[in-house]
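The values are calculated or read from the model by the stated rules, or taken from the named source; none is laboratory data. It should be emphasised that the depicted structure is a prediction, and the values quoted were computed from it without experimental measurement. Here Cβ is always computed from backbone atoms with ideal geometry, including for glycine, and neighbour counts include all displayed protein chains.
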Amino acid sequence: MAEKILQVKNLKTYFHTEAGLVKAVNEVSFDVEKGKTLGIVGESGCGKSITSLSIMGLVEKPGNIEGGEILFEGEDLLKKTEVQMRAIRGKKIAMIFQEPMTSLNPVYTIGQQLVEALLLHENMTKSEAKERAIEMLKLVKIPLAERRFDEYPHQLSGGMRQRVMIAMALCCNPDMLICDEPTTALDVTIQAQILDLINELKEKTGTSVMMITHDLGVIAEVADDVMVMYAGKVVEHATCDQIFDKPMHPYTDGLMKCIPKLDDDDTKELSVIKGMVPSFDDMPAGCAFCPRCSEAREICRQKMPELVEAEGRKVRCFKYTKEWGENI
């Protein structure tokens, strides 16, 4: 059995708003294996980023983690104090955010921000921290690293800033790296370079990766396993090959059909998933995907399906239960 570095069990992260209770992450469970990449995919608002912020202990009010376990290397992060979590963030678990310009402090140089993380978590002198920071800038393939060390974020391109964020995340040799849509703001060429870099660094350092994205092309590049989320719940969890060979949940299938293909007829319209993700304060009574699903039956409108084992994966759909045949 592969060693599991992270085990999330029945995580519930809710937001108490004036409009009512928003179940942003609703009983989500998954594992991340050591040295592997888990891809988390879904449309905006499905709970991907809130899941990652829950792991890092960064959910802000009115949000609150109301149940579940987050076991990292066997210890429940939800039982840690804020002081203990600060020692874990950056050192044990690091995170790359999707917009580096808002994540980097504009009034400090790149070098100052890298050195700060090293002085906080590593037993280093300032000169040792500077040497390590420049070494990390070279590792993420930033040219003229010594010069970039003294530059400010606004002096770098978007791709360079994202490389700095990766260098900052990896400078303390974390056991796990969470990437929250790290290529969203980048053009396609730079996007490919960043994904190659994350893969290369994962191979070199043995770091486990959790890649959050809405782009299945990114998933194909980096993921070993894939978890598809919809309206705060896991709807399918399988290996990357299984997802691309045979998506089983109607939502996953819809996402796959939305990917443009080079061999498609130019006159053929792109496939779309009709409708919108339901608002958290106005969820359907049954399956959350039911209003957009062409295969929905009466049972789908009545109750939420459980996550069941089917063909070597987990899928949340009545199609793979006995109840499906009884509700034609």
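For the residues Val272, Val209, Val222, the requirement of being of a type outside the set (D, E, K, R), farther than 22 Å from Thr321 by Cα and modelled with pLDDT under 90 singles out Val272. Among all residue pairs at least 6 apart or on different chains, which show Cβ distances below 6 Å where the first residue, located in the stretch 77-88, is in the same structural domain as Lys9 (by TED's automatic domain parsing) and the second is hydrophobic (A, V, I, L, M, F, W, C) and surrounded by 14 or more Cβ atoms within 10 Å (Cβ to Cβ)? Sorted first by the residue in the stretch 77-88, then by its partner, the pairs are Leu77/Ile70; Leu78/Ile70. Within the stretch 221-228, the presence of at least one residue that is part of a helix (DSSP H, G or I), under 24 Å from Gly312 (Cβ atoms) and within 20 Å of the chain's Cα centre (by Cα) is confirmed.
Okay, residues lined up against (1) surrounded by fewer than 16 Cβ atoms within 10 Å (Cβ to Cβ); (2) more than 16 Å from Leu38 (Cα to Cα); (3) out of contact with any helix residue (DSSP H, G or I) (no Cβ under 8 Å at 6 or more places or on another chain):
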{"residue": "Met210", "(1), (2), (3)": "no, no, no"}
{"residue": "Gly217", "(1), (2), (3)": "yes, no, yes"}
{"residue": "Tyr230", "(1), (2), (3)": "no, yes, no"}
{"residue": "Gln242", "(1), (2), (3)": "no, no, yes"}
{"residue": "Ile259", "(1), (2), (3)": "yes, yes, no"}
{"residue": "Leu270", "(1), (2), (3)": "yes, yes, yes"}
{"residue": "Val277", "(1), (2), (3)": "no, yes, yes"}
{"residue": "Cys293", "(1), (2), (3)": "no, yes, no"}
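How many residues, within the stretch 13-27, are acidic (Asp, Glu) and either touching a residue at least 60 places away in the same chain (Cβ under 8 Å) or not assigned by TED's automatic domain parsing to the domain that holds Gly68 (or both)?
Our first condition is that a residue be acidic (Asp, Glu); within the stretch 13-27, this holds for 18, 27.
Within this subset, residues satisfying the condition of being either touching a residue at least 60 places away in the same chain (Cβ under 8 Å) or not assigned by TED's automatic domain parsing to the domain that holds Gly68 (or both) are 27.
The total comes to 1.
Okay, residues lined up against (1) β-branched (Val, Ile, Thr); (2) under 20 Å from Glu181 (Cβ atoms):
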site	(1), (2)
Met227	no, yes
Gly232	no, yes
Pro250	no, no
Ile273	yes, yes
Ser279	no, no
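At least 1 residues that are within 20 Å of Thr183 (Cβ to Cβ) in each: list the strands (runs of 3 or more DSSP E) lying fully within the stretch 32-113 that qualify.
Here the list reads 37-41, 93-96.
Taking the stretch 274-300 as the range and being closer than 16 Å to His249 by Cα and either among the charged types (D, E, K, R) or in contact with a Lys or Arg (Cβ under 8 Å, 6 or more places away or on another chain) (or both) as the test, the residues that pass are Lys274, Gly286, Cys287, Ala288, Cys290, Arg292, Glu295, Arg297.
Where in the stretch 121-200 are there helices (runs of 4 or more DSSP H), lying fully within it, with 2 or more residues that are closer than 18 Å to Ser103 by Cα and in contact with a helix residue (DSSP H, G or I) (Cβ under 9 Å, 6 or more places away or on another chain)? Reasoning before the result, please.
Working: elements: 126-139, 145-148, 158-170.
By residue number, 126-139, 158-170.
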